Amino acid sequence: MSEKATIILDGKNYELPVITGTENEKAIDISKLRAQSGYVTYDEGYKNTGATISNVTFLDGELGILRYRGYSIEELAEKASFTEVSYLLLYGELPTAQQLANFEHELTNHTLVHENLVKVFEVFPTRSHPMGQLMTLMSALSSFYPDSLNPNVHPDEVNTTIIRLLAKMPTICSMIYKKGKGHPVLYPQNKYDYVTNFLYMTFGDVTQEYMADPVVVDAMNKLLILHADHEQNCSASTVRIVGSSHANLYASISAGVAALWGPRHGGANQEVLEMLEHIQTVDKGDVKKVVAEAKDKKRLLYGFGHRVYKNFDPRAKIIKVACDNVLKKLKVNDPLLDIAKELEEAALNDPYFVERKLYPNVDFYSGIIYKALGFPTPMFTVLFALGRMPGWISQWKEMRERKEDIGRPRQIYNGATLRPYIDLKNRK
Ligand code: CMC
């Protein structure tokens, strides 16, 4: 017999179906509750609300588990390439060698952007933030493909839009970097794979031959894989809810970029590095003082805590090891890494952090690697977005394939009740 939950309201019993996922996660299906009883549920920030039934990513915050389509993040980060993981997220299975070759070939053939898109950069003031630029460029893409705005077309046509977006993302991200430096942009080269192409367009130079460093390519692949999806987080939920109105994919992704920019979400990676620099210079490396101030709620320890992980963020564990390796291999000696380790140690041994289950998250060590690879701090969240693109698109695609209704939460209205209009002359 299928499990049911009973809720008693005003002395009446209501039986609600219980949904069980493949990992034994359970949910009470309240979708008919209001129609039957007049009641809605209340859950600010949707912390306890399952907004969809998804097959993409599994996350257990208590045990510190993250899997894409059933494959552990540890194994994917060690063995797969970013394009393989993108394929897996988008289409549900790891690609065969032929499928991967076709996918990469398609991506390679869509990397160029319309020349007029480059002109959009002319209107940005010099100090405009890369994430603001990325948001604008994502929505600007919609203007260049007016024929592919309707999501209700044949899946093959939708797939072309998906490939286009994924293929152009590295080109656009590297342009943001180049334009920020005032350097000429580099056009994509078909001889390079996805990640090497991005690195070439970013760190290559028109004046000389580019030599990809395998250490950098490997680190970049890992970082992108670790950021590729994270189930119903703030930006993915935004992409899904915007897309649920049948808004086009570019607009939905642009909204996701906006959500990611916030310092409580992806913007935290920039905040972490700035915090570590602040600790080094202004706080003179006094980690004890920083921890004490965090406990007094005078400051936030960026890169610590997570909405769902109440244990180690598995991505943070992998990034910490990668960080040590990359810095060693590139012969970079960054004192910020020592400060980060000291801070982690201090926090993990402090009852305030232990009791609240605050552990380092994905953003804690990623910035130190990005810095060692040569990226300026304001580009960090753009790199997060580059990695998250296949995840956002997969979430959007799933939402469309499930034919989900338009997202429309309810509220408990708590404002003024009906009152008569007061003429302007009579208002005090
Ligand atoms: N530093 C100091 N105290 C903290 C921190 C922190 N980073 N995070 C949470 N707390 C405290 C918070 O003040 C609260 O204390 P109290 O019980 O005394 O009121 C307690 O811990 C629980 O906090 P919460 O607000 O219920 O935690 P949450 O799970 O709702 O919030 C979070 C999660 C990520 C918004 C928060 O931990 C935070 O702001 N962290 C810093 C920003 C950050 O690193 N964000 C990146 C998240 S991972 C990548 C991503 O999602 O993009």
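Every read-out reported here was derived from the displayed coordinates using simple, explicitly stated rules and does not represent laboratory data. Everything numeric in this text was worked out from a predicted model, so none of it was measured. When we count neighbours, we look across all protein chains shown, and the Cβ atoms used for this are built from the backbone with ideal geometry, even at glycine.
The Cα atoms of segment 14-70 define a convex hull whose projected area, averaged across directions, is 4.8 nm².
Which whole-number percentage describes the relative contact order of the chain, with Cα contacts under 8 Å and a sequence gap of 6 or more?
Numbers: 551 pairs, mean separation 83.6, N = 428.
Relative CO of the chain lands at 20 percent.
The alpha carbons of segment 174-322 occupy a box of 53, 46, 29 Å along the principal axes, longest dimension given first.
Short-range pairs are left out: with C-alpha atoms under 8 Å and at least six residues apart, the relative contact order of segment 98-221 is 29 percent. For the listed peptides 366-376, 237-247, a ranking on the average number of other beta carbons within 10 Å per residue, highest first, reads 366-376, 237-247.
Suppose R0 equals 41 Å. What FRET efficiency, 1/(1 + (r/R0)^6) with r the Cβ-Cβ distance, do Ser31 and Glu75 give to the nearest 0.05? Mind showing how you got there, number by number?
Values: r = 36 Å, r/R0 = 0.87.
E between Ser31 and Glu75, to the nearest 0.05, is 0.70.
Between the C-alpha center of segment 332-359 and that of segment 195-237 there is a gap of 27 Å. Listed cross-link partners Lys298/Lys320; Lys4/Lys26; Lys32/Lys403; Lys317/Lys357; Lys79/Lys178; Lys47/Lys357 are compared with a 20 Å cut-off, the Cα-Cα value being larger for Lys298/Lys320; Lys79/Lys178. Between Val354, Val217, Val287, the residue with the greatest mean-square fluctuation in the GNM of the chain (Cα pairs under 10 Å linked by springs) is Val354. Rounded to two decimals, the Cα-based Rg/Rh of segment 280-408, with Kirkwood Rh, is 1.05.
For segment 106-201, the list of trypsin sites (Lys or Arg not before Pro) that fall in a loop by DSSP and count at most 13 other C-beta atoms within 10 angstrom reads Arg127, Lys191. Along segment 59-73 the Karplus relation, 6.51 cos²θ - 1.76 cosθ + 1.60 evaluated at θ = phi - 60°, assigns HN-Hα couplings of 9, 10, x, 6, 9, x, 10, 9, 9, 9, 6, x, 8, 5, 4 Hz to successive residues, with x for each Gly and Pro. Normalising by residue count, segment 84-191 has a Cα convex hull of 117 Å³ per residue. Springs between Cα atoms under 10 Å define the GNM used for the chain, and in it the highest mean-square fluctuation of Thr196, Thr41, Thr381 occurs at Thr41. Here the scattering of segment 136-193 is modelled by Debye summation over its C-alpha atoms, one equal scatterer each and no solvent; at q = 0.13, 0.20, 0.29 Å⁻¹ the log10 of I(q)/I(0) is -0.43, -0.85, -1.20. Measuring max minus min along each principal axis, the C-alpha atoms of the chain give extents of 77, 67, 58 Å (largest first). Here the 3J(HN,Hα) profile of segment 193-200, calculated from phi with Karplus coefficients 6.51, -1.76 and 1.60 at θ = phi - 60°, is 6, 3, 6, 5, 4, 4, 5, 4 Hz, Gly and Pro shown as x. If a spin label sat at a point 7 angstrom from the Cα of Thr417 along the line to its beta carbon, the backbone N atoms of segment 32-46 nearer than 20 Å would be those of 38-40.
Sorted fewest first by neighbouring Cβ atoms within 10 angstrom, Leu141, Leu301 come out as Leu301, Leu141. For segment 290-354, the share of alpha carbon pairs falling in successive 5 Å distance bins from zero is 3, 14, 23, 25, 18, 10, 6, 1 percent.
The stretch between Gln208 and Glu93 holds 37.4 nm of extra length on full extension. This uses 0.36 nm per residue minus the Cα-Cα distance. Relative contact order for segment 150-268: 22 percent, from Cα pairs under 8 Å spaced at least 6 residues apart, divided by residue count. Couplings 3J(HN,Hα) for segment 83-99, derived from phi with the Karplus relation 6.51 cos²θ - 1.76 cosθ + 1.60 (θ = phi - 60°), are 5, 4, 5, 4, 4, 4, 5, 6, 10, x, 10, 5, x, 6, 4, 5, 4 Hz, where x marks Gly and Pro.
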